[in-house]
1. Any residue in region 523-546 that is buried (at least 17 other Cβ atoms within 10 Å of the Cβ) and in a loop (DSSP other than H, G, I, E, B) sitting within a Cβ distance under 6 Å of a residue that is modelled with pLDDT under 95 and of a type in the set (S, T, Y)? List the pairs, counting only those 6 or more apart or interchain.
2. From the set of residues in region 350-401 that are hydroxyl-bearing (S, T, Y) and assigned to a strand (DSSP E or B), which is nearest to the chain's Cα centre (by Cα)?
3. Hey, can you tell me all the residues within region 452-494 that are surrounded by 13 or more Cβ atoms within 10 Å (Cβ to Cβ), in a helix (DSSP H, G or I) and not hydroxyl-bearing (S, T, Y)?
4. Only residues that are among the β-branched types (V, I, T), crowded, with 24+ Cβ neighbours inside 10 Å and farther than 17 Å from T192 by Cβ: list them for region 259-288, please.
5. Pairs please, first residue from region 180-196 and under 11 Å from L156 (Cα atoms), second anywhere and of a type in the set (D, E) and at pLDDT 95 or above, Cβ atoms under 6 Å, 6+ apart in sequence or on different chains.
6. Give the residue that is farthest from D239 (Cα to Cα), with candidates limited to residues of region 295-315 that are in a strand (DSSP E or B) and out of contact with any Asp or Glu (no Cβ under 8 Å at 6 or more places or on another chain).
7. For region 495-509, indicate whether the set of residues that are under 23 Å from the mean Cα position of the chain (by Cα), in a loop (DSSP other than H, G, I, E, B) and under 19 Å from Q320 (Cα atoms) is non-empty.
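The values are calculated or read from the model by the stated rules, or taken from the named source; none is laboratory data. Since we're looking at a predicted model, the values are computed, not measured. In this analysis, Cβ positions are derived from the backbone assuming ideal geometry, glycine residues included, and neighbour counts consider all displayed protein chains.
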Amino acid sequence: MPCALVTALLAASGCSLPDTYVPPRKNAADGFTFYVSPDGDDDDDGLSPERAWRTLRKADAVTYRPGDRLRLRAGARYRGSLSLDEDEAGRAKKPVVVDSYGGGRATIETAGTPGISVYNTAGVEIRDLELVGDDRSFTRSAGVRFFSNLADDRKLSHVVLSGLDISHFRNGVTLAGANRGTGFRDVRISDTAVHGNKDAGISSVGPAFDADDPLYAHEKVSLARVKAYENDGDPKSADRNTGSGIMLGSVRDAKVRRSSAHHNGRKSSSRAEEGPEGIWAYDSTRVVIEHNVSYANRSGSHVDGGGFGLDNNVSSSVLQYNFAFGNDGPGYLLYTRDRNGAHRDNVVRFNLSHDDSRKHPQYGGIVAYGGLVRDLDIYHNTVVMKASSRASEDAPALRLETGLTSARIRNNIFVTDGAPLVLSTKAFASDDVILQGNDYFSTDTWKVRWGAQSHLTLNSWRSADGQEQDESGPTGSAADPCLESTTAPVRSVKGAALMVPGCTDELTAAALNLQKLGVDPGAVDYFGERLAPTAAAGAAQPSSEE
């Protein structure tokens, strides 16, 4: 902002005078509340609704200090943008807050710029606003942009975004660190809709990942009740993936909870070698993605377009209690292109997948492969796959390809209507991949493909390849789990109820006691029902009321 008016002597020295008088701060702990209203006057001091400023240009000229608050009158539209630079903002206990007043949201309309840009600073809370970009912002800017290029491994703390509606930008929200380990800590995004953006609804990025010395730009990131939809992608960008809902890169200790991603990726490039996903992470560690739904996500190219993913270089992370259905690509993707050992110790459990890989049958409901994917646990999921008129072939419930080592796949339900229940392009030895306690049911021809061989019965597969057995004898079953979703269509989130088994005796008898194998499956199933020690196969357990 222009230097403050203190005395006439300062004015005479060449310092330009501010347009309004800002009361002097008595001490560093003081915080002011400023107001902006279409009925305001930029010549007022902005310190009450009755003396509000009129424009964002005036509000943006202020240097904000810890405890300051900028409030825009709800229901009004303001042209311009706001920026907070490294000499501004607050602290966790005394943040700078930007929000609305008067009930509802104020709207910021940009012209080729971010809606709100925060550079090399934090201690910022942005609440209850609508941000709308123009065509230039859609091409190049983020609705809310946090960017740091401070020295290596320095984190800026406290970022809160809540109650926002962000549309028509390149990215709805971007967290970016330019140097290794540099970025933001204690980031919370909640009750926010990001839609109609080009590249992604929410994305976090950092420098290139180094498996020998992994540093992450951002840590302690939490997303809750975020809606990411109709972020269509860029048909002209073939060199990168565009059109994702929520994309977390370079994060350590993150959670995505009770959020949704749908109808993203429709316009992503037909020539792209990497496509979008609904909710996914890459180059990250200790990420938990739980209690979310991801459906009807698309891909313009021949790849991706799935529901959930743990992609390149993700470790010690969990996909649990999620629901994927009707996606172009897989319901759940576990993949890395690298052989550096950084994709490891991940868990996929208590998830539902229904009719995924509708466009791309080279995937399946759950897919795992890559350069080197190690120490992977996939258990207590339910996958139902039906033939698709959009694809040239039918996708399997579970697809495995090369690059897996120490993968354990247990106590799942796999259902198809004639496509392979399991399709593995490699005949893995049980030391590398073991399947135990799963239920495999087909409403048509029962089929498992294991390497070059196809098996038409569970016993044939057991005998030939050593799968579905343990020290005590055969495991698993081919019983009908009596799922309503086998015949009834799933068209909404309520369709999860159609994936509860109606027949459970054989599913319980076939499943393994994971706790005896040293695996802690958690306390509850997909629907919150408490798990018995001898839990049935699949994501949903018999109701405790029965």
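1. The qualifying pairs are E529/S544; A536/T504; A536/T508; P542/T504.
2. The qualifying residue nearest to the chain's Cα centre (by Cα) is S353.
3. L458, W461, R462, A464, D465, E484, V493
4. Selection gives V287 alone.
5. R185/E219
6. Our first condition is that a residue be in a strand (DSSP E or B); within region 295-315, this holds for 295, 306-310, 315.
Next, from what is left, pick out any that are out of contact with any Asp or Glu (no Cβ under 8 Å at 6 or more places or on another chain): 295, 310.
Details: Y295: 25, L310: 20 Å.
Residue satisfying both the conditions and the ranking: Y295.
7. No: zero hits.
For every residue, the table says whether it meets (1) charged (D, E, K, R); (2) not in a strand (DSSP E or B).
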site: L161; (1), (2): no, no
site: L175; (1), (2): no, no
site: N179; (1), (2): no, yes
site: V187; (1), (2): no, no
site: D191; (1), (2): yes, no
site: N197; (1), (2): no, yes
site: A208; (1), (2): no, yes
site: P214; (1), (2): no, yes
